[in-house]
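The values are calculated or read from the model by the stated rules, or taken from the named source; none is laboratory data. Just so you know, these numbers come straight off a predicted model, no measurement behind them. Cβ atoms come from the backbone with ideal geometry, glycine included; neighbour counts cover every protein chain shown.
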Amino acid sequence: MACRIRASLLCFAFGTALLAASIAGAAPLSTAPTLQFKLESTSSSYPYYANPELIPSDAGPTYTAVGFGSFGTLGMSWDVVVDPDPLISGTLIITNLSALTDTFTLTGTLPATPLPGPNVMGGYFGALTYTDSNSNSTVTLSTVGANPFYQAMIDGLPVQGLGSFSLNAFGGPGVFGTASQQSFGAPIPNAPAPAVGSSIGVALQFSLTAGDSVEIPFLFEVASVPEPSTVLLIGVALAGIAAQRRIRR
């Protein structure tokens, strides 16, 4: 009996210790991440940068940022949630402040906990709302050539694109239109993903008529997949727990 007790306890201790080490995996970032938006337009000769202040959330390891600013010919407000584990999501409202139709490229980059893989990913944009904000009774939102509206990025490289369209609304001052959500890797995250070295991000590229605005909900998430050895360790730990409970009875 004593041998069985010792064996069960050793099994429990070994399994839980290895499980804890496996779950720990890559060490999380020790400080609050720095979210950066890079803003470019064809009418500006140089890019603008914004670094929203990230506030720790009361629930979980996430951070939030809410704010707005004007950057050359682009006005932007943001309401975002990020997690360096990693995930970036939220809603952006972009306004064309110029007197002409302009093309914009907006890239949001988030430092991330390294994930060597195997990994899965998923994301979406929309539903979009594009609005006649200068009261000229029309608004047009379009993608640019063969470039997708939304691109998910890992370590600065595109890994998935979504969206090709030309959208128009007209009929009176303040008219607006909507476009349905597009996604990948559903249920998110579920698509195979490469290793994450240092960052994830989202890039948005589009053309928007003068004085008008577009509201863009978006998300991109990457998660690690437990390897078979990790699943085995979970089984060992659970077996140890069950054996310990039988002994106590």
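Things worth noting here:
- P192 being modelled with pLDDT of 95 or more, part of a strand (DSSP E or B) and surrounded by fewer than 19 Cβ atoms within 10 Å (Cβ to Cβ): yes
- Among the conditions (1) under 20 Å from the mean Cα position of the chain (by Cα); (2) crowded, with 16+ Cβ neighbours inside 10 Å, S180 misses just one, which is (2).
- Meets criteria (surrounded by 21 or more Cβ atoms within 10 Å (Cβ to Cβ) and either under 22 Å from the mean Cα position of the chain (by Cα) or modelled with pLDDT of 95 or more (or both)) for A152: yes
- Here the range 115-136 is the region considered, the condition is being in a loop (DSSP other than H, G, I, E, B), within 20 Å of the chain's Cα centre (by Cα) and at pLDDT 95 or above, and the residue that is surrounded by the fewest Cβ atoms within 10 Å (Cβ to Cβ) is P116.
- Strands (runs of 3 or more DSSP E) (entirely within the range 29-81) containing at least 2 residues that are of a type in the set (D, E, K, R): 36-41
- Among the conditions (1) at negative phi; (2) modelled with pLDDT under 70, P33 misses just one, which is (2).
- Exclusive hit being crowded, with 16+ Cβ neighbours inside 10 Å, more than 21 Å from the chain's Cα centre (by Cα) and at pLDDT 50 or above, set S8, S44: S44
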